[in-house]
Every structure is written in structure tokens, then in C-alpha cells.
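Structure record follows, encoded as C-alpha cells.
The values are calculated or read from the model by the stated rules, or taken from the named source; none is laboratory data. Everything numeric in this text was worked out from a predicted model, so none of it was measured. Counting neighbours? That spans all protein chains shown, and the Cβs are built from the backbone with ideal geometry, glycine included. Ligands, DNA and RNA are excluded from the accessible area calculation, which covers all protein heavy atoms including side chains. Shrake-Rupley method; radii C 1.70, N 1.55, O 1.52, S 1.80 Å.
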Amino acid sequence: MRTLPLTLTAALAATLLLTGCGGGDTGASGDDDAKNADPANGSACALADLGVEVGAGAAPAAGDTGTVTVTLTNQGAECTLKGFPAVKLQADDSMVSVSPEQSAQSRPLTLGEGGTTSFTLTYVRGEAGSAQSLPVRKASFTLPGATGDAHELTWSYGEVARTDDGGVEASVSGFESTGD
């Protein structure tokens, strides 16, 4: 019985260690996303073939949690999303990558013409003007398997709280099926 808790502890530690590897602005996440595209299950979805709608539940005050939901509608041929969207938050002088939610699972999702999916960016609002906040001006995202194809949006949801290691208190969900 003692091996089970040790095994679980080791697995949790490994997961947390790997989760921490995705931060920064090295572009490594984009490389992983390209590897996650699976041509056998259809071609990777391209932003040029998708309609993008953004809806937000903005955090009203510092310390509150807010969400930004991005809905994608396929306007082209059938395509596949495999992996997580790569999201970056940009301030005047820096750009920070947002990691996937710790509990999120990546499942391939095939979108036929007219099919929709969404993902959600969850963030903690920071205190305006604080060194522990990132004054975000723009957010951008790319799709797994898409290289250099980014969608930008103006950020009007307040500053985002920083973590002690220079990251942000934010995460991104996996792609969720919507509709039928």
C-alpha cells in the first residue's frame, strides 16, 4: 500500500515540473504544437479558415477571476485540432506565455465545415500600477500545428496578476466541443 502514495506523489511532482516548462517566450510551445498536429486524422486547422468570436466575463476588481472565451467556427474544409491553443499576453515591454490548465486534457477534435469549438483563458486581475501586475495591452493565440499564424485581440480587461516566478496568474483550457 505504501508504493501507491509514493507513485502518485512522484507522478504529481513530474506533472508539476513539466507544467512549469511551458512558460516564458521561447517559442517552444509552438514547436510542440506542430508535433501535435496529426495529419492521419485530417489536416491541422488554420486561422485563415476559422471565424473568431471573443466573449469576456471580465474580473471587476484586483484579485477577482475573469474569463475570456474564444469561439472558433470552421469556414473551410474539415480540419483537426490536437493540442492546446498557444496564448500570449503582451504588455508594452514584455510578452508572457499562458500555460494550459493543470487538469486539462488534450483530445483531438475534428471540425467539419460549420463546426464550432471554443477555449477559455482564465485570469486573475492584478492591481493597477503594481509591480506584481502585468499591464496587458494585447493577447494573441495560435492553433496547434499552425506555424506563425496568430490572431491578436486588444486586451481591455485590466491588468493580470503576476506569479512570483515572473509568469502570470492565468491558464488556458483545451478545445471544447460546442453545438451538436
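All but one of (1) over 20 Å from Ala44 (Cβ atoms); (2) part of a loop (DSSP other than H, G, I, E, B) hold for Ala104; state the number of the condition that does not hold.
Failed condition: (1).
Taking the stretch 131-180 as the region of interest, how many residues are among the hydrophobic types (A, V, I, L, M, F, W, C), assigned to a strand (DSSP E or B) and touching a residue at least 60 places away in the same chain (Cβ under 8 Å)? Steps first, answer last, please.
To start, the set of residues in the stretch 131-180 that are among the hydrophobic types (A, V, I, L, M, F, W, C) comprises 131, 134, 136, 139, 141, 143, 146, 150, 153, 155, 160-161, 168, 170, 172, 175.
From what is left, the residues that are assigned to a strand (DSSP E or B) are 134, 139, 141, 150, 153, 160-161, 168, 170, 172.
Filter once more, so that each one left must be touching a residue at least 60 places away in the same chain (Cβ under 8 Å): 139, 141, 150, 153, 160-161, 168, 170, 172.
Residues that pass the stated criteria total 9.
With part of a strand (DSSP E or B), among the hydrophobic types (A, V, I, L, M, F, W, C), at pLDDT 95 or above and open to solvent by 30 Å² or more (accessible area, probe 1.4 Å) as the only criterion, which of Val87, Val54, Val96, Val70 stands out? Break it down into steps so the answer makes sense when it comes.
Values: Val87 fails: open to solvent by 30 Å² or more (accessible area, probe 1.4 Å); Val96 fails: open to solvent by 30 Å² or more (accessible area, probe 1.4 Å); Val70 fails: open to solvent by 30 Å² or more (accessible area, probe 1.4 Å).
On inspection, the qualifying residue turns out to be Val54.
Can you report the number of residues in the stretch 100-132 which are open to solvent by less than 30 Å² (accessible area, probe 1.4 Å) and under 13 Å from the mean Cα position of the chain (by Cα)?
The number of residues fulfilling the criteria is 6.
Report, by residue number, each residue of the stretch 151-180 that is surrounded by 15 or more Cβ atoms within 10 Å (Cβ to Cβ) and of a type in the set (Gly, Ala, Ser).
Gly158, Ala161, Gly167, Ala170, Ser171, Ser173, Gly174, listed by residue number.
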